[in-house]
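> Supplied in structure tokens, the structure appears directly below.
The values are calculated or read from the model by the stated rules, or taken from the named source; none is laboratory data. This structure is a prediction, so every number in the text was calculated from the model and none was measured. All Cβ positions, even for glycine, are placed from backbone atoms using ideal geometry, and neighbour counts span all protein chains on display.
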């Protein structure tokens, strides 16, 4: 099994993902928000690159729109990209259609674009610290080569996404080696990028929050008063959920069929 890491999604050619199982990371905050929403009662998340398209589709279909640009909630959207906004689950009123209100349509600066960029992969999962073990186990069940795709921030390297990829790679090695993540499993091939991500995760293993706070984007969110978001996203293996892209939507995988 080959494990590769792409440090900035849109700076690479998506053709490299063909016939691989891919995990996309936007730890602060899109992929953390996606798994939180699904764990809290949303049935599906619709990732959209363009904000205008997201709002039009939300109004047309009755979906719940959420989005940010540059870390700030988009004007006209009821929700931003904080996972804390979705802990309570969908707000379904008496007159609302529950089947529509439990669908979140999400557009973000980096994460949703990276997810759509990765669509050429055999399967696309979304990963974060919150579900590192679950998504590692999910990709191993596929039995294919694995691509760890970091969304990055504004087309640049992002420390927190690489940290998330490192924690998932650590879980992959634990699963294959009986909790021993210090050596590669037989038949596993990697280059130096997954190893570097693993070493980053090992360094911050006992204090993931410091890892999220150390990066440029983490510092930006702290300046905006969003420390609670970082604390939430720093929880390791909170959820046993591996969100997977199924057609246009991200689901928990129960209704996945390859399109």
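> Quick check: is even one residue across region 49-59 out of contact with any helix residue (DSSP H, G or I) (no Cβ under 8 Å at 6 or more places or on another chain) and closer than 27 Å to residue 240 by Cβ? Steps first, please.
Here is the first cut: in region 49-59, the ones out of contact with any helix residue (DSSP H, G or I) (no Cβ under 8 Å at 6 or more places or on another chain) are 50-59.
Still in the running and closer than 27 Å to residue 240 by Cβ: none.
The answer is no; no qualifying residue exists.
> Now for a different question. Give me a count of the residues in region 221-259 that are within 17 Å of residue 161 (Cβ to Cβ) and modelled with pLDDT under 95.
Qualifying residue count, region 221-259: 0.
> Which condition from (1) touching a strand residue (DSSP E or B) at 6+ places or on another chain (Cβ under 7 Å); (2) buried (at least 18 other Cβ atoms within 10 Å of the Cβ); (3) not in a helix (DSSP H, G or I) is the one that residue 27 breaks?
Status for residue 27: all satisfied but (1).
> I would also like to ask the following. State yes or no: is residue 38 surrounded by 22 or more Cβ atoms within 10 Å (Cβ to Cβ), more than 25 Å from residue 223 (Cα to Cα) and either under 20 Å from the mean Cα position of the chain (by Cα) or touching a residue at least 60 places away in the same chain (Cβ under 8 Å) (or both)?
Values: surrounded by 22 or more Cβ atoms within 10 Å (Cβ to Cβ): yes; more than 25 Å from residue 223 (Cα to Cα): yes; either under 20 Å from the mean Cα position of the chain (by Cα) or touching a residue at least 60 places away in the same chain (Cβ under 8 Å) (or both): yes.
Considered against the rule, which asks whether it is surrounded by 22 or more Cβ atoms within 10 Å (Cβ to Cβ), more than 25 Å from residue 223 (Cα to Cα) and either under 20 Å from the mean Cα position of the chain (by Cα) or touching a residue at least 60 places away in the same chain (Cβ under 8 Å) (or both), residue 38 comes out as yes.
> Take region 173-193 and flag every residue that is assigned to a helix (DSSP H, G or I) and within 19 Å of residue 142 (Cα to Cα).
Looking only at region 173-193, we keep the residues that are assigned to a helix (DSSP H, G or I), and these are 173-177, 192-193.
Across region 173-193, the qualifying residues are 173, 174, 175, 176, 177.
> Same structure, new question: Return the total of residues in region 203-243 being assigned to a helix (DSSP H, G or I) and either buried (at least 20 other Cβ atoms within 10 Å of the Cβ) or without any contact (Cβ under 8 Å) to a residue 40 or more places away in the chain (or both). Show your work before the answer.
Step one: filter region 203-243 for residues assigned to a helix (DSSP H, G or I), giving 203, 208-214, 216-223, 227-233.
So of that shortlist, the ones also either buried (at least 20 other Cβ atoms within 10 Å of the Cβ) or without any contact (Cβ under 8 Å) to a residue 40 or more places away in the chain (or both) come out as 203, 208-213, 217-219, 221-223, 227, 229-233.
Matching residues across region 203-243 total 19.
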